[in-house]
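First comes the structure, then the notes that go with it.
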Amino acid sequence: MADIILGIESSCDDTSAAVIKDGYLLSNVLASQEVHRAYGGVIPELASRAHQLNIVPVVSQALDQAGITADDLTAIAFTRGPGLLGSLLVGTSFTKGFALATGKPIVEVNHLQGHIMANFIKQYGKENRQPEFPYLCLLVSGGNSQIVKVNDPLEYEILGQTIDDAVGEAFDKCAKMMGLGYPGGPIVDRLAKEGDPERFHFSKPHIPGFDYSFSGIKTSLLYFVRDRMAEDPQFMEKNKEDICASFQKALIDILMDKLVKAAKATGIKEVTIGGGVSANSGLRNRMVEEGKKRGWNVYLPEFKFTTDNAAMIAIAGWFHYLNGERSSLDVAPVSRLAEF
């Protein structure tokens, strides 16, 4: 009998529901919240209210697009954390209520694990390349920057992580500093395509091991812009493409330097990326280049699976379900989770 998993994702400002049948995607519905754009960042209270409005129609659409009813489900997977507590509470509460109404078991999923397992989402009519275990995942987003060794679908080892800020935050701060808008990462990426990445140079941290640090490079950009603007008030407007290209290159250099070291140290040649920053075109191109240069087998998630989405929660939940894991109805969301 086939396993049909409904995934529910509500960790930040996107409400999403997806249906997966034995690892194959049947539907993946997402409702984004444009209200935060005016504030230059996610407002937690507004996010949780929008989730309350979106979650019922999103789940309904996901079931309809999959061509199933709630009775056909095997289990319901949901994001327990990490994320915004109010947003998580909406998804968790809905999941428990839906489970009570349908009699279906629930399975909690770590949001970060969803990003790591995104490459295992299979789609009908596609090649569906999947990494072999063990593999390395460069997990990069607005809240996380980690190198994770994935031994099997449920066993992870963090080899390195940021000791301060995440790389996604560095992208957003760059955009905010330059008045480019929100969300900043895609804007910086777009402008970087038109600029010269070798025009300017920013100081890079020297952190031992495989850990990251991005606070210093943000400060470097701040002082650079301040000093140049003092000389020419139009400097930033005249050079925004080159600034974005140079800053993006510096961030990617930092990420790839540690990933290369980790691959050499472990001898692993199966390499993936995951998380919101994995949509960055510069990073994706660099991953392909390094893969050719170093003999890696590189796996890049489709763009629709890089941002927060329920398909990744459903696939991770499926692996937990196959392992016999179930969550009780008194489970509570957690804004921070210490382990995968």
- Message: For segment 181-340, I need the span (max minus min coordinate) of the C-alpha atoms along each principal axis, in Å, sorted largest to smallest.
- Response: 64, 40, 30
- Message: Can you order the peptides 168-178, 146-156, 220-230 by their average number of other Cβ atoms within 10 Å per residue, highest first?
- Response: 168-178, 146-156, 220-230
- Accessible carbon and sulfur surface of the chain relative to its total accessible area, %, 1.4 Å: 51 percent
- Hull-based mean projected area of segment 111-191, where the convex hull spans the alpha carbons, in square nanometres: 7.0 nm²
- Longest principal axis of the chain (C-alpha) makes with the long axis of helix 235-266 (C-alpha) an angle, in degrees to the nearest 10, of 60 degrees
- Task: Only helical DSSP H runs with n ≥ 4 go in: add -39500 (n - 2.57) per run for the chain, normalise by residue count and round the 222 nm mean residue ellipticity to 500 deg cm²/dmol.
- Result: -14000 deg cm²/dmol
- Query: Okay, which of segment 196-237 sit inside 15 Å, backbone N to the point 7 Å along the Cα-Cβ direction of Asn151?
  - Reply: none
- Compute the convex hull volume of the Cα atoms of segment 272-340, divide it by the residue count, and report the result per residue in Å³ as a whole number. 133 Å³
- Query: Hey, how much of the P(r) for segment 202-254 falls beyond 12 Å, as a percent of Cα pairs?
  - Reply: 67 percent
- If r is the Cβ-Cβ distance from Leu46 to Met1 and R0 is 35 Å, what FRET efficiency results, to the nearest 0.05? 0.25
- Point-to-point label distance, Leu222-Phe303, nm (Cα→Cβ direction, 7 Å offset): 3.3 nm
- Rounded tilt (10° steps) of 215-231 against the dominant C-alpha axis of the chain: 40 degrees
- Semi-axes (Å, rounded, descending) of the ellipsoid equivalent to the chain per its C-alpha gyration tensor are 35, 23, 17
- Averaged per residue, what accessible area in Å² does the chain show with a 1.4 Å probe, protein chains only? 43 Å²
- Treat each spin label as a single point 7 Å out from the Cα along the C-beta direction, and report the Gln234 to Gln61 distance in nm. 4.5 nm
- Message: For the full complex of protein chains and a 1.4 angstrom probe, list Lys292, Lys204, Lys249, Lys238 by accessible area with the highest value first.
- Response: Lys292, Lys238, Lys204, Lys249
- Where labels lie 7 Å past Cα in the beta-carbon direction, separation of His206 and Lys292 in nm: 3.3 nm
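The values are calculated or read from the model by the stated rules, or taken from the named source; none is laboratory data. Here the structure is a predicted model, which means the values were calculated and not measured. Backbone-built Cβ (ideal geometry, glycine too); neighbour counts: all protein chains shown. We work out accessible area using only protein heavy atoms, side chains counted, and drop any ligands, DNA or RNA first. Shrake-Rupley method; radii C 1.70, N 1.55, O 1.52, S 1.80 Å.
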